[in-house]
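See structure below.
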Amino acid sequence: MRTASGLQVWISQLDGRQYALAVGFGIGIIGAGLGFLIAVLGPWLALAAMLGLLAGLYIITDVNAALYAIIGVVLLLPFGVFPVKIAITPTLLDLALGGFLLVYLFQWMTGRRGGLRLTPAHALIIIYVMWLALAFALGLRHASPTSATIRQFAETLLSIGMVFILADLLRSPASLRRLTQVIIAAIGAQALLAIALYLAPDSLAEALLARLSRIGYPAGGVIRYIEDNPALAERAIGTWVDPNALGGILATAAMMIAPQVVAKRSLLPSRWLTFGLFAVVALALLLTFSRASFLALGAGLLMIAFLRYRRLIPALLVAGLLFLFLPQTQAYIDRLMQAFQGADLATQMRIGEWTDSLQVIGRYPFVGLGFTGAPEIDIYANVANMYLMMANQIGLTGLAIFLATMLGVFAYGHKAWRYARGNPDFAALHLGFHAALFTGLVNAIADLYFFRLDFQSSITWFWLIVALCVASSKLALEEGARNSAKGAIAKRDHMH
């Protein structure tokens with residue numbers, strides 16, 4: 001405010017000629033910058049850049065806006081990069097995370113925020129982060145890191161750090177509900193986009209997605225098919241490019257919507273709108289033909305049904321029977337049967353990767369290969385199973401720490417559940433977050449994107465789910481403690 005007041009005083013002291021020169025200089029600078037953007041990017045991208053600049057200026061003044069920007073980038077433009085290269089080319093996620101962290105730290109420096117609110121679950125996360133850093137350092141003996149690897153590893157640590165920040169930032173159920181509404185809106189938009197691109201002619205879908213090449217997306221060859229064979233069915237990709245990565249995002253996000261369908265009061269204006277949005281997300285997931293994500297979706301729905309909403313069980317049984325016997329789903333059923341039998345090329349490749357991974361684990365069992373490369377040409381770390389990939393890169397020790405961390409998050413959530421379930425509105429949120437985490441962990445049995453460094457948006461999304469689990473548990477326990485204190489005071493007053 002002082003800076004703004006000083007500027008106003010300076011402007012007020014200018015005479016007419018000086019004022020005209022200052023205004024003209026400002027207009028010239030803005031016009032030159034806009035002309036440069038139009039020349040480099042074209043009119044539409046220049047307009048988008050100007051709007052993005054205005055949005056960025058607003059974001060760095062509001063921590064919630066910065067958080068919502070992260071959600072928007074992760075779910076809608078996960079692989080976007082800044083369109084103009086200066087010294088480096090940051091990703092849109094880099095800018096969003098950096099802006100969010102900057103605003104959050106500024107609140108601390110100005111005294112607007114204090115007293116970091118941590119939970120027992122954070123202790124395990126700290127141990128996990130320390131092990132990741134150790135594994136990265138030990139992996140340097142095998143190969144030197146590239147600048148991309150260093151940046152991606154730093155982004156991973158920052159994404160994990162969101163668990164600490166959100167537990168401190170989300171201090172009321174209302175803030176948690178608003179954030180969930182933003183997530184639901186963004187994932188709904190992604191699902192609609194994925195379905196629209198799937199239904200559009202391939203040439204049109206390819207041309208539309210190619211327009212994103214100015215922000216780092218592929219310029220062509222983005223349409224995906226089963227087993228990369230154009231003779232087989234097309235797979236929905238949205239703006240995620242990879243159908244399996246999109247499938248994992250849709251499956252986990254669907255778990256945040258599912259409890260709202262049967263909750264007493266939905267986050268959305270109507271229950272039918274909530275159900276319709278869930279149906280759209282589920283349809284987009286089906287069109288990805290990601291079998292791991294589809295099965296994970298089923299596991300998450302069963303968790304929700306058995307833990308809280310038993311009336312969902314008959315509906316799930318009917319939906320399962322329809323899926324088994326409808327003519328339109330028989331191709332999907334056949335794909336699932338091929339997976340269980342190991343009869344298709346994709347499953348056979350996965351089995352081969354898993355076998356090779358076990359050999360790597362046998363050679364480097366405790367600390368793994370690290371993140372920078374392998375010491376031998378016949379060794380590779382990427383494998384379509386997040387847990388095996390973790391064992392490859394951070395060793396069985398790191399995998400055990402990760403699993404203990406997830407158990408710690410669920411244990412903390414279980415402790416909070418006794419208080420959360422007494423509030424019908426909050427119970428749906430709390431259960432939805434934990435079901436999303438469970439779904440992601442199930443999905444990771446046959447996919448790797450929640451740990452693979454070059455899929456930073458997937459990693460950020462996973463740890464955002466963890467952060468929401470921890471934050472909702474903390475809020476539930478705090479509410480339970482307040483109610484217990486009120487009950488104790490009321491009992492004491494009654495005795496007196």
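Out of residues 5 or more away from Tyr225 or on other chains, whose amide H comes under 5 Å of its own, with H placed 1.01 Å from N in the peptide plane?
Arg235
Please list 310-316, 90-96, 212-218 highest first by mean number of surrounding beta-carbon atoms within 10 Å per residue. Can you show the working numbers first?
Working: 310-316: 12.6, 90-96: 21.3, 212-218: 16.1.
Going from most to least packed, we get 90-96, 212-218, 310-316.
Probe radius 1.4 Å, ligands and nucleic acids ignored: give me the carbon and sulfur share of the accessible area of the stretch 420-470 as a rounded percent. Write out the running numbers ahead of the final one.
Values: 560 of 940 Å².
That fraction is 59 percent.
Share of the stretch 301-372's accessible area from carbon and sulfur, percent, 1.4 Å?
On the way: 3170 of 4430 Å².
Carbon-and-sulfur percentage of accessible area, whole number: 71.
Could the peptides 377-385, 338-346, 286-294 be put in order, highest first, of the mean number of other beta-carbon atoms found within 10 Å of their residues?
Details: 377-385: 16.8, 338-346: 13.3, 286-294: 23.6.
Highest mean packing first, the order is 286-294, 377-385, 338-346.
Summarise the accessible area of the stretch 105-223 (1.4 Å probe, protein heavy atoms) by the percent that is carbon and sulfur.
Working: 3840 of 5610 Å².
After summing per-atom areas, the C and S share lands at 68 percent.
Kindly list the residues of the stretch 390-404 that lie in the label zone of Ala137, defined by a backbone N under 19 Å from the point 7 Å along the Cα-to-C-beta vector.
393-399, 401-402
What distance in nm lies between label points placed 7 Å from Cα along the C-beta direction at Leu102 and Arg171?
Roughly 2.4 nm, to one decimal.
Taking the stretch 306-411 as the region of interest, what is the percent of Cα-Cα pairs per 10 angstrom bin, listed from the shortest bin to the one with the maximum distance?
13, 26, 23, 25, 11, 1
Rounded to the nearest 10 Å², what accessible area does Tyr419 show when all protein chains are kept and the probe is 1.4 Å?
Tyr419 exposes around 80 Å² with every protein chain in place.
So for each of 254-263, 451-460 I average, over its residues, the number of other beta carbons within 10 Å; can you give me the resulting order with the highest mean first?
Working: 254-263: 24.9, 451-460: 21.4.
Answer by packing, highest mean first, reads 254-263, 451-460.
So for the pair Ser147, Thr397, with labels modelled 7 Å out along Cα→Cβ, what separation do we get in nm?
3.3 nm
The values are calculated or read from the model by the stated rules, or taken from the named source; none is laboratory data. This structure is a prediction, so every number in the text was calculated from the model and none was measured. Using ideal geometry, Cβ is built from the backbone for each residue, glycine included, and neighbour counts are taken over all protein chains shown. Just the protein is used for accessible areas: all its heavy atoms, side chains included, with ligands, DNA and RNA removed. Shrake-Rupley method; radii C 1.70, N 1.55, O 1.52, S 1.80 Å.
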